[in-house]
Amino acid sequence: MTLLEQIKEKAREKFKTIVLPEGTEERTLQAVEILIREKIAHPILIGEVEAVKAKAKEVGADITGAEIVDPIKADYYNDFVEKFVEMRKAKGMTTEKAQQLMLDPLYFASMMVKFGKADGEVAGAINTTGNVLRPALQIIKTAPGISAVSGAFIMIVPNSEYGDKGIMVFADCAVTPNPTAEQLAEFAFASAETARELCGIKEPVVGMLSFSTKGSASHEMVDKVAQAAEIAKTRWPELPIDGEFQADAALVLKVGQSKAPGSAAAGKCNVLVFPDLQSGNIGYKLVQRLANAEAIGPILQGMDKPVNDLSRGCSVEDVVNVVAMTAVRA
Ligand code: ACO
């Protein structure tokens, strides 16, 4: 069974309710047909009921069995407005503004997840990452003890000896532009969890990446990564983690042993934490293109409840896969 098949199988066992706010989007509707047929999750589409049904018919998607929720007609619309005003009053939220925002499917869907009407959310086929994340960050927020969200990619590199037989987790490739050392440490922990839960990697080994290995260069950027590794070791002593490492020292045993002798993680890393969003985003795209790797994600890490963002170039299959991953995390 491939990794994605395993993830779908886990999702079937859990059979969670996932809200898809982009209810009249073609690929989303076609994915919903598959989710229902393959019993991967129970989908809720957000939108005006007749408009959703008409679009489904137009694109030839049989969405029988999906729930459709029109925010303005939902029994809990007013309740959500009141709750949202309460949650955001320190930020100047008024009833009028909340009434408008609760008509926005992305805000409404995040409220559904927050208040238990759905177990997770998937959006982004027609919305930017920022627009998907902002309501989720305001409403669902981060998990206890986590200050920043990160976006991980599962990288499957064909015919590779590195990582866990070519499977690796890269983070943060999608969310936090310039993380602090503390936040990088959180990304390390969250990425190890992703490796365990989604990739079935029994022993995640985390490398904190830099342009230096164990003090080979000195710069404040290097210090931040080294400090992050120390914070993670102190907070999660059971986590096999080390750094700072250059990428080759993290991945290649011989190089790791020569550049970082004595490190249990050097040369064996299957989880790579990049020092900032520029390097993480560039890094995963380079591996995806140059090594012909499959890049699955971004998987949002550190949220209190699972929300995942799609690429606007996503395929129907991508939507199905991201829903399955969201369900597994729920
Ligand atoms: N982690 C946790 N919470 C956060 C984070 C974070 N990284 N960033 C912002 N927040 C919280 C804020 O505390 C705030 O909460 P509050 O309103 O309750 O106080 C809320 O989110 C909104 O914060 P803003 O500062 O208003 O939001 P901002 O406009 O900065 O957007 C966002 C945050 C969307 C994460 C932004 O940093 C962003 O766009 N990041 C990059 C996304 C991106 O373009 N990725 C690359 C493309 S994806 C790809 O290629 C796969």
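A search for C-beta distances below 6 Å between a residue of segment 98-122 that is touching a residue at least 60 places away in the same chain (Cβ under 8 Å) and any residue that is in a helix (DSSP H, G or I) and among the aliphatic types (A, V, I, L, M), counting only pairs 6+ apart in sequence or on different chains, returns 110/136; 110/139; 114/139; 118/112; 121/109; 121/113; 122/322; 122/323. Output the residues belonging to segment 78-89 that are more than 16 Å from the ligand (Cβ to nearest atom) and surrounded by 18 or more Cβ atoms within 10 Å (Cβ to Cβ). Listed by number, the residues that qualify are 80, 81. Being surrounded by 17 or more Cβ atoms within 10 Å (Cβ to Cβ), away from the ligand (no atom under 16 Å from the Cβ) and not hydrophobic (A, V, I, L, M, F, W, C) is a property that residue 124 lacks. Within the group 188, 181, 171, which residue is away from the ligand (no atom under 14 Å from the Cβ), touching a strand residue (DSSP E or B) at 6+ places or on another chain (Cβ under 9 Å) and at pLDDT 95 or above? None of the others qualify; the one that does is 188. A single entry from 28, 64 fulfils the requirement of being polar (S, T, N, Q), under 23 Å from the mean Cα position of the chain (by Cα) and either farther than 21 Å from residue 330 by Cβ or surrounded by 15 or more Cβ atoms within 10 Å (Cβ to Cβ) (or both): 28.
Listed here are the residues, each with its yes/no results for (1) within 16 Å of the ligand (Cβ to nearest atom); (2) charged (D, E, K, R); (3) surrounded by fewer than 19 Cβ atoms within 10 Å (Cβ to Cβ).
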residue: 241; (1), (2), (3): no, no, no
residue: 269; (1), (2), (3): no, no, no
residue: 278; (1), (2), (3): yes, no, yes
residue: 286; (1), (2), (3): yes, no, yes
residue: 289; (1), (2), (3): yes, yes, yes
residue: 293; (1), (2), (3): yes, no, no
residue: 298; (1), (2), (3): yes, no, no
residue: 306; (1), (2), (3): yes, no, no
residue: 325; (1), (2), (3): yes, no, no
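Filter segment 248-284 for residues that are in a helix (DSSP H, G or I) and without any contact (Cβ under 8 Å) to a residue 12 or more places away in the chain and give the result. Listed by number, the residues that qualify are 248, 257, 258, 282. Just so you know, in segment 90-107 the residues that are under 27 Å from the mean Cα position of the chain (by Cα) and more than 16 Å from the ligand (Cβ to nearest atom) include one that is nearest to residue 39 (Cα to Cα), and it is 105. Of all residues assigned to segment 146-166, at least one qualifies as being without any contact (Cβ under 8 Å) to a residue 24 or more places away in the chain and either within 16 Å of the ligand (Cβ to nearest atom) or on the phi < 0 side of the Ramachandran plot (or both). Assess whether residue 14 counts as being in contact with a helix residue (DSSP H, G or I) (Cβ under 7 Å, 6 or more places away or on another chain) and of a type in the set (Lys, Arg). Judged against the criteria, residue 14 is a match.
The values are calculated or read from the model by the stated rules, or taken from the named source; none is laboratory data. On a predicted model such as this, the values are computed, not experimentally measured, just so you know. So basically every Cβ, Gly included, is an ideal-geometry build from the backbone, and we count neighbours across all protein chains shown.
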